[in-house]
Amino acid sequence: MADNQIKMQEGKNKILLFRLLENQSEEAAKLVFQTEHTFSYSRELERIITKDGSLINVGELESEVSIEAIQAMGDPVGDMLRQSVIKGQKLELWEVTVDEELKTPDNKYPAIYAQGYLDSWEDPANAEENATISSNFTVEMEPQFGEATLTDEQQAAVQYAFQDTTAPTNGE
């Protein structure tokens, strides 16, 4: 991509991966059928009026991620996330931008990493629509920006690769 050419990012290329903090020896996993998420940042600003003019007292950063997905039957990640709310377990969350144009030479993707808790879990079931999941992840401390590696299984969960019409031979 040319340096002077700016392109739009597509929301479908940003996925969420999760893992219980206590299970750091395991790989993070993707919640299937994600439809939307919003990573939000906010600070409380307090205006102090003085005789010389206004001053602003800046509060602490607050971050959260709202999550929407369609329920998948037998999804272990969905089950783990629901249980994390019920049991009050701390989670790790990654927002990974899976875009080949942004991939680094060492096969990493831009990512945001955060630790925190799901503070809610809803399973709405409308008679005329798919059953959905709605949740909110509250970030503890400050999210970190960096790069993440996706395993072959994680990449397969994002999008299957093109396959030829012929049967593969040994070594392919």
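Laid out as a table, the results:
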{"read-out": "Complete set of residues in the stretch 25-43 that are acidic (Asp, Glu), in contact (Cβ under 8 Å) with a residue 40 or more places away in the chain and part of a strand (DSSP E or B)", "value": "none"}
{"read-out": "Candidates Lys30, Lys12, Lys51, filtered to the one that is more than 20 Å from Pro124 (Cβ to Cβ) and exposed (fewer than 10 other Cβ atoms within 10 Å of the Cβ)", "value": "Lys51"}
{"read-out": "The stretch 71-85, residues that are assigned to a helix (DSSP H, G or I) and free of Cβ contacts under 8 Å to residues at least 24 places away in the same chain", "value": "Asp79, Gln83"}
{"read-out": "Of all residues in the stretch 96-112 being touching a residue at least 60 places away in the same chain (Cβ under 8 Å) and not in a helix (DSSP H, G or I), the one that is surrounded by the fewest Cβ atoms within 10 Å (Cβ to Cβ)", "value": "Asp99"}
{"read-out": "Residue among Glu46, Glu22, Glu68 that alone is assigned to a strand (DSSP E or B) and closer than 20 Å to Ala114 by Cα", "value": "Glu68"}
{"read-out": "Tally of residues being within 18 Å of Glu26 (Cα to Cα) and of a type outside the set (Lys, Arg) across the stretch 57-112", "value": "16"}
{"read-out": "Of all residues in the stretch 101-160 being among the aromatic types (Phe, Trp, Tyr) and in contact with a Lys or Arg (Cβ under 9 Å, 6 or more places away or on another chain), the one that is farthest from Ser66 (Cα to Cα)", "value": "Tyr109"}
{"read-out": "Test: residue in the stretch 151-169 that is closer than 23 Å to Gly11 by Cα, modelled with pLDDT of 95 or more and among the aliphatic types (A, V, I, L, M)", "value": "no"}
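The values are calculated or read from the model by the stated rules, or taken from the named source; none is laboratory data. A quick note: this is a predicted structure, and the numbers were derived from the prediction, not measured. For neighbour counting, all protein chains shown are included, and Cβ atoms are generated from backbone atoms with ideal geometry for every residue, glycine included.
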